[in-house]
Amino acid sequence: MDVIINPPALHLNISPEAFHLWATHYLKCRRDFKPPSSNKFSPVPYFLLCRAIELEIKARLLKKSPQIDVKKKYGHNLEIAYDALDSSEKFLDKNEEDTLRKASPIYKDKDFEYFNAKDVLTAYKRFPKLELLDSIARKLIEK
């Protein structure tokens, strides 16, 4: 007689430490990045910093929730994910929070990854200040 055993689905909570480690990798890539041409502007540092920020925030959220729940609830929305942190982990100042809120929809819509003619024609005026994004990433990752 054959016996079939159907074990329950396995749900792994990816280690918050792994997300933190990858956040540090993206931050390091940003620090090492130099545009390959004489054109000083590149969207790449914005993407690298936002990805680092996203992974670090999610590392903190993963301490309390499984990865699948974090992914479904927050996606790539930096603003909503940051707002979900415990108050003790929200230590950005007002200017940094405003910068995060400005970057969030651009990042979520992948406009730091793909060419957007409107941004070029408006001289990227909707992009946040890169120095502030860098400060946010460092503050989150290095604490």
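The values are calculated or read from the model by the stated rules, or taken from the named source; none is laboratory data. Worth saying up front: this structure is predicted, and the values here are computed from it rather than measured. For neighbour counting, all protein chains shown are included, and Cβ atoms are generated from backbone atoms with ideal geometry for every residue, glycine included.
Brief remarks follow.
- Total residues in region 6-35 satisfying the condition of being hydrophobic (A, V, I, L, M, F, W, C) and either closer than 22 Å to Lys102 by Cα or assigned to a helix (DSSP H, G or I) (or both): the figure is 7.
- Hits in region 129-143 - residues which are touching a residue at least 24 places away in the same chain (Cβ under 8 Å) and either over 23 Å from His20 (Cβ atoms) or part of a helix (DSSP H, G or I) (or both): Lys129, Leu130, Leu132, Leu133, Asp134, Ser135, Ile136, Ala137, Arg138, Lys139, Leu140, Ile141
- Count of residues meeting criterion [touching a Ser or Thr at 6+ places or on another chain (Cβ under 8 Å) and loosely packed, with under 13 Cβ neighbours inside 10 Å] in region 34-53: 1
- Yes/no for Ser38 being assigned to a loop (DSSP other than H, G, I, E, B), among the hydroxyl-bearing types (Ser, Thr, Tyr) and out of contact with any helix residue (DSSP H, G or I) (no Cβ under 9 Å at 6 or more places or on another chain): yes
- Candidate set from region 93-143 (those that are hydrophobic (A, V, I, L, M, F, W, C) and under 13 Å from Phe47 (Cβ atoms)); member that is modelled with the lowest pLDDT: Phe115
Yes/no matrix, rows are residues, columns are (1) surrounded by 14 or more Cβ atoms within 10 Å (Cβ to Cβ); (2) in contact with a Phe, Trp or Tyr (Cβ under 7 Å, 6 or more places away or on another chain); (3) assigned to a loop (DSSP other than H, G, I, E, B):
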{"site": "Ile4", "(1), (2), (3)": "no, no, yes"}
{"site": "Leu55", "(1), (2), (3)": "yes, yes, no"}
{"site": "Ala59", "(1), (2), (3)": "yes, yes, no"}
{"site": "Ile68", "(1), (2), (3)": "no, no, no"}
{"site": "Glu96", "(1), (2), (3)": "yes, no, no"}
{"site": "Ser104", "(1), (2), (3)": "yes, no, no"}
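- None of Lys34, Lys64, Lys73 is within 24 Å of Asp111 (Cα to Cα), at pLDDT below 95 and among the charged types (D, E, K, R) except Lys34.
- Checking Leu100 against (1) under 14 Å from the mean Cα position of the chain (by Cα); (2) assigned to a loop (DSSP other than H, G, I, E, B), the condition it does not meet: (2)
- When residues of region 40-64 are limited to those that are of a type in the set (Gly, Ala, Ser) and touching a residue at least 40 places away in the same chain (Cβ under 8 Å), the one farthest from Asp86 (Cα to Cα): Ala52
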